[in-house]
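Readers should treat all values here as calculations from the given coordinates under stated rules, not as data from a laboratory. Bear in mind the structure is a predicted one, so any value in this text is a computation, not a measurement. Here the Cβ positions follow ideal geometry from the backbone for every residue, glycine too, while neighbour counts run over all protein chains shown.
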Amino acid sequence: MTPEHVLEKWLSGRLPNDAATWLKNSAQRLRGGGNDKDLYLSVSLVPRKIGKADLALTATELAQAAASRPGWDPVDWSLDQAARIYLLLAAGPDGEILARRLDQLCATADVGELVAFYRGLPLYPDPPRHVLRAAEGVRSNMKAVFEAVAHRNPFPAEQLAEEAWNQMVLKALFVGSQLQPIVGLDRRANAPLARMLCDYAHERWAAGRPVSPELWRCVGPYAMGGMVGDLGRVLEKGTDPERAAAALALSRSPDPAAAALLRTHPELSAAIAEKRVS
């Protein structure tokens, strides 16, 4: 099944009859040649007609999502988010038209609507057309909007250039977002990002502020020289979670000095093994 059909199936199985009928009729009108006005009106009516309850997908349904679109993880989507994306997809497969409509929708959207539109990025046709839209979401000052792009979304890892990707990861730390939900975090790790993250850690240390243990995950494979020294500092002065993260990063470093440093802290070997398994 396509993502559009998957969304249709999920929604039809959860909505009361009147809401399901409205959604079905709206989608049919859009498929039959509905214009921009029809789409914008239908999307705006979604909260009133559908509601905002959690979609509450089962494990089987999450597997359906991943099968229909690799990397798609709508685990925390709501009914209104699913319905908005469903209507956008029902309006047609032309990527250029969808991108234009999406720009118009985002220009007048509230935060909830923006979250829905950005979560739909991996499902839209002609993905390269939506790179600028994704970049706009990453630049947002609203954490919920930023995370709609950055978290559980395969689009950034697949479409963002290295510089844009690196800025997204750095911003996640800056705004207090977790790195773990970023799809492709390990695969897209790179040497410039590792340097940026170490520079960021130095700024935090200089200001007397904590550094997220997650930061070192993207540093380890590229830790050489001074970066190994930074990790050594964490081993000596960090909290237990920070020390465990630094030890794991050192275990992935290509610098022989990293292995030598780890040998001076045998008590962390269990933490390294545990992190690798998890």
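Can you work out the FRET efficiency for the pair Asp240 and Lys143, with r the C-beta to C-beta distance and R0 = 45 Å, to the nearest 0.05?
Values: r = 27 Å, r/R0 = 0.61.
My answer for the efficiency is 0.95.
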**Asked** Which peptide among 101-107, 118-124 comes first, and what is the full order, when sorted by highest mean count of other Cβ atoms within 10 Å?
**Response** 118-124, 101-107
**Request:** Give the total of Lys-Lys pairs in the chain with Cα-Cα distances below 26 Å; include a pair only if its members are 8 or more places apart or on different chains.
**Result:** 14
**Message:** Let's test the formula: R0 of 22 Å, r as the Cβ-Cβ distance of Thr2 and Thr60. What FRET efficiency results, to the nearest 0.05?
**Reply:** 0.80
**Cα→Cβ-extended label distance, 7 Å offset, between Leu132 and Tyr40, nm** = 1.9 nm
**Message:** Suppose only helical runs count, i.e. DSSP H with n ≥ 4. What mean residue ellipticity at 222 nm does that imply for the chain under -39500 (n - 2.57) per run, divided by all residues and rounded to the nearest 500 deg cm²/dmol?
**Reply:** -19500 deg cm²/dmol
**Request:** Collect residues whose amide H, placed 1.01 Å from N in the peptide plane, falls under 5 Å from the amide H of Ser78; neighbours closer than 5 in sequence don't count.
**Result:** Leu55
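What percent do you get for the relative contact order of the chain when only Cα pairs under 8 Å and 6+ apart count? Could the numbers behind the result be given before it?
On the way: 326 pairs, mean separation 31.3, N = 278.
Value for the chain: 11 percent.
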**Request:** Starting from the Cα of Thr108, step 7 Å along the direction of its Cβ; do the same at Trp205; then give the gap between the two resulting points in nm.
**Result:** 5.2 nm
**Message:** Cut-off 11 Å, label point 7 angstrom out along Cα-to-Cβ of Arg187: give me the residues of segment 127-166 whose amide nitrogen falls inside.
**Reply:** 154-159
**Prompt:** In nm, to one decimal, how far is the Ala164 label point from the Asp76 one, both placed 7 Å along Cα→Cβ?
**Reply:** 2.3 nm
